[in-house]
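First the structure, in the form of structure tokens, and then the observations on it.
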Amino acid sequence: TGKTAFVAGVADSTGYGWAICKALANAGCKITVGTWPPVLGIFQKSLASGKFDEAADMILDDGSKMVIEKIYPLDAVFDTKADVPEDVLSNKRYAGLDGFSIEETAEAVKADYGKIDILVHSLANGPEVQKPLLETSRAGYLAAASASSYSLVSLVSKFGPIMNEGGSVLSLTYIASEKVIPGYGGGMSSAKAALESDTRVLAWEAGRKYNIAVNTISAGPLKSRAASAISKSDKKSFIEVGIDYCKANAPLAKDLYSDDVGQTACCLLSPLFGAVTGVTLYVDNGMHAMGMIQ
Ligand code: NAI
């Protein structure tokens, strides 16, 4: 209650970022988000049009509507203003936006709120995700790492100084980092492995430097916009196959909802978990525990 959160990677109501915002709002946090410029316009339009109200996506437990206090444009592949190339600056989806690099976003959040308590990284991008690792180009591999892993390092480094002691950072990862998940290509499996390793090192470094916790949730499959983009086969998409497989084979044979992850995130970000840092926590109905399926 009374805490301020910045959630990076929210652009619609279908993903994990949104569910985390909702759970934090239910717990009384002030919610601010960072949204990727190419999807910022449509997100703002959807919010204004009441699209999310109809599906009850915005309604909190007490019947009130979730308030997103501020939406910052954020492109997490740029650390500072100087990193933004000319062609991006002049791109019509970026033109006219104020400072969307990570450093500028942290400065803007500081100007508006002073310090924050909670930082969530709920973003990933792998331009060649549909290609097997063997066919992934160097550029595609590095782009996946840049958007999906280094972005966390950079966020913690720029937001660390504006976080209150006792604060908490959380990201989202996927089990393809440690076990082979065919179809999760483009170097995204590598990017998630880096993200999990970085979570431990950042826990140590940011723990000592800022007295904040850094954890990651390894979430089960969810049909978000990002996941739907992974592959389109004739029959079922990559994410549909994953969802059905988990429901059929996980210890808890039930649907996994984004709110399941939102609620766990809220717990993990709370003082109740104040001595937990550097962990990868599975929120997957137990699927990770299986070595052989029946
Ligand atoms: P999502 O589509 O709701 O979230 C991904 C967000 O990343 C989007 O809003 C997109 O605009 C943003 N983004 C992409 N590139 C960006 C950039 N350069 N700068 C700023 N934002 C950028 O989808 P989802 O699936 O909820 O993803 C959230 C996190 O959860 C990701 O880290 C994803 O890998 C992870 N995850 C998702 C699973 C799933 O099955 N959907 C399973 C396990 C982890």
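The values are calculated or read from the model by the stated rules, or taken from the named source; none is laboratory data. Worth saying up front: this structure is predicted, and the values here are computed from it rather than measured. Glycine gets a Cβ as well: all are built from the backbone with ideal geometry, and neighbour counts include every protein chain shown. Heavy atoms of the whole protein, side chains included, go into the accessibility calculation; ligands, DNA and RNA do not. Shrake-Rupley method; radii C 1.70, N 1.55, O 1.52, S 1.80 Å.
Loop sites here are trypsin sites (Lys or Arg not before Pro) outside DSSP states H, G, I, E and B with no more than 12 other Cβ atoms within 10 Å. The longest part of the chain free of them is 1-91. Based on DSSP H segments of at least four residues, each scored -39500 (n - 2.57), the chain has a per-residue ellipticity at 222 nm of -11000 deg cm²/dmol. Once C-alpha pairs closer than 8 Å and six or more residues apart are averaged by separation and normalised to the residue number of the range 110-180, the relative contact order reads 50 percent.
Quick one: net charge around Ala25, please, counting Lys, Arg +1 and Asp, Glu -1 for every other residue with C-beta under 13 Å from its C-beta. Local net charge: -1.
Between Asp244 and Met290, the contour length at 0.36 nm per residue exceeds the alpha carbon distance by 15.0 nm.
Solvent-accessible area per residue in the range 175-269 equals 50 Å², computed with a 1.4 angstrom probe and all protein chains kept. Straightening the chain between Lys209 and Asp83 buys 42.8 nm, computed as 0.36 nm per residue apart minus the Cα-Cα spacing. Using C-alpha pairs below 8 Å separated by at least 6 residues, the relative contact order for the range 43-171 is 25 percent.
For the range 162-182, the residues whose amide N sits under 19 Å from a probe point set 7 Å from the Cα of Arg200 along the beta carbon direction are 169-180. Excluding same-chain neighbours fewer than eight residues apart, the aspartates and glutamates reachable from Lys236 by a Cα-Cα span under 12 Å are Asp244.
Relative contact order of the chain, taken over Cα pairs closer than 8 Å and 6 or more residues apart, is 19 percent.
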